[in-house]
Amino acid sequence: MHYVDASGELVFRRYIQRKPIRIMQPESLVRFMQLKGCCLRSVYATANCYGTITSVEDVYDLSNIRYCTPTWDVDGVLSNWNETVAVAKEIVSFLNSWGVEKSLYIKWSGNGCHVHIHEEALSEALLKKRHPLDLAYAVVEYVNSTLSQKFRELSPSGKTAVENKMDITRVFTSPLSLNRKLDVVCVCMKPYQLSDFSVEWISPSGFRHDTSWREFLEGEADELAEAAYKKVGGYPASPRRRRRKSMPLDKHIKKWLERE
């Protein structure tokens, strides 16, 4: 979560008393509205869905990740939102060509947007063979590498860029949260609504939000994920993919906890 302190500075908080911040029901948000004199500004959610989430260690435990949401981070400039829409449409078109349709949604979060595949579009059968983070990373990277030239054509100035930010601690602005800096609302839409989008949709006084972003079809993204994994491989920082040359993650966590 991002809070605003007395001086107007933004303060990011992911943990309270070494426990991950969790909102289990709408009423529980009230207790997080203020924190040590700071007022809540923005709410975030993790890209990963966990089996257990009661301690800092749970967040860094790869075996604790049940699902991971493949996400394309389309970074742009709000005044140039038409270019962002064009890039997002290109990603959607490519995903559609692989049969991924019902499980897609777009989230406009500020200057740019995120294109998401619902995490449960990857079947349980596939997730038993491959780690969720490996699959999510591979899918995003595969699409980006395939469409890189098209992205440059759609944004010759380079003001709109698509990044693969899938990692073990990735968070994104939650639907209906305010942006941490801009006075706009984070809203969701389905791909067919991209052509109609305008900046009025994210205005706090009249935002437009589609709750059908929760829809998915299990297994819809399996074929793409399998192909991407074979081409790209998994998450590059995973200890399964490389010989460790630095301190193990659990020791990093222990060292951090002792310091805190």
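Values in this text are rule-based calculations from the coordinates and carry no lab data. For clarity, every value in this text was computed on a predicted model and none was experimentally measured. Note that each Cβ is placed from the backbone with ideal geometry, even for glycine, and that neighbours are counted across all protein chains shown.
Numbers at a glance
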{"read-out": "Cα convex hull of the stretch 22-108, projected area averaged across orientations, nm²", "value": "8.8 nm²"}
{"read-out": "The stretch 139-243, relative contact order in percent, only Cα pairs under 8 angstrom and at least six apart counted", "value": "23 percent"}
{"read-out": "Expected-Rg normalisation [2.2 N^0.38 Å, Cα atoms] applied to the stretch 83-157", "value": "1.18"}
{"read-out": "Note, ³J(HN,Hα) from phi for the stretch 53-67, Karplus 6.51, -1.76, 1.60, rounded to Hz, x at Gly and Pro", "value": "9, 10, 8, 4, 4, 4, 5, 9, 8, 4, 6, 8, 7, 9, 9"}
{"read-out": "Sparse-neighbourhood loop sites, trypsin sites (Lys or Arg not before Pro) in the stretch 96-196 - DSSP loop, at most 11 other Cβ within 10 angstrom", "value": "LYS128, LYS129"}
{"read-out": "Which listed pairs, of LYS150/LYS230; LYS159/LYS230; LYS19/LYS231; LYS36/LYS107; LYS107/LYS159, have C-alpha distances above 26 Å, in listed order", "value": "LYS159/LYS230; LYS19/LYS231; LYS36/LYS107"}
{"read-out": "Theoretical ellipticity at 222 nm over the chain - DSSP helices of four or more residues, -39500 (n - 2.57) apiece, nearest 500", "value": "-8500 deg cm²/dmol"}
{"read-out": "For ARG41, residues with placed amide H under 5 Å, excluding near neighbours", "value": "HIS2, TYR3, VAL4"}
{"read-out": "Contact order normalised by residue count of the chain, Cα under 8 Å, 6+ apart, percent", "value": "23 percent"}
{"read-out": "Most mobile of ASP196, ASP73, ASP58 in a GNM of the chain (Cα contacts under 10 Å)", "value": "ASP196"}
{"read-out": "Mean separation of Cα contacts under 8 Å, 6 or more apart, over the residue count of the stretch 1-42: relative contact order %", "value": "52 percent"}
{"read-out": "Gaussian network model of the chain, springs between alpha carbon atoms under 10 Å - residue of MET24, MET33, MET189 with greatest fluctuation", "value": "MET24"}
{"read-out": "Qualifying trypsin sites (Lys or Arg not before Pro) for the stretch 1-78 [loop in DSSP, other Cβ within 10 Å: at most 16]", "value": "ARG13, ARG14, ARG18, ARG22, LYS36"}
{"read-out": "Rounded Å value of the spacing that divides the Cα centres of the stretch 139-172 and the stretch 1-42", "value": "30 Å"}
{"read-out": "Most mobile of ASP222, ASP134, ASP61 in a GNM of the chain (Cα contacts under 10 Å)", "value": "ASP61"}
{"read-out": "The stretch 1-42 - Debye-derived log10 I(q)/I(0), Cα point model, q = 0.14 Å⁻¹", "value": "-0.30"}
{"read-out": "Cα Rg, Dmax, the stretch 59-199, angstrom units", "value": "15.0, 44"}
{"read-out": "Karplus (6.51, -1.76, 1.60) ³J(HN,Hα), θ = phi - 60°, over the stretch 193-204, in Hz, Gly and Pro reported as x", "value": "8, 4, 5, 9, 4, 8, 5, 4, 5, 10, 6, x"}
{"read-out": "Structure-derived Cα extents along the principal axes in Å: which label, when the choices are [x] 72, 45, 41; [y] 49, 48, 34; [z] 62, 57, 35", "value": "[y]"}
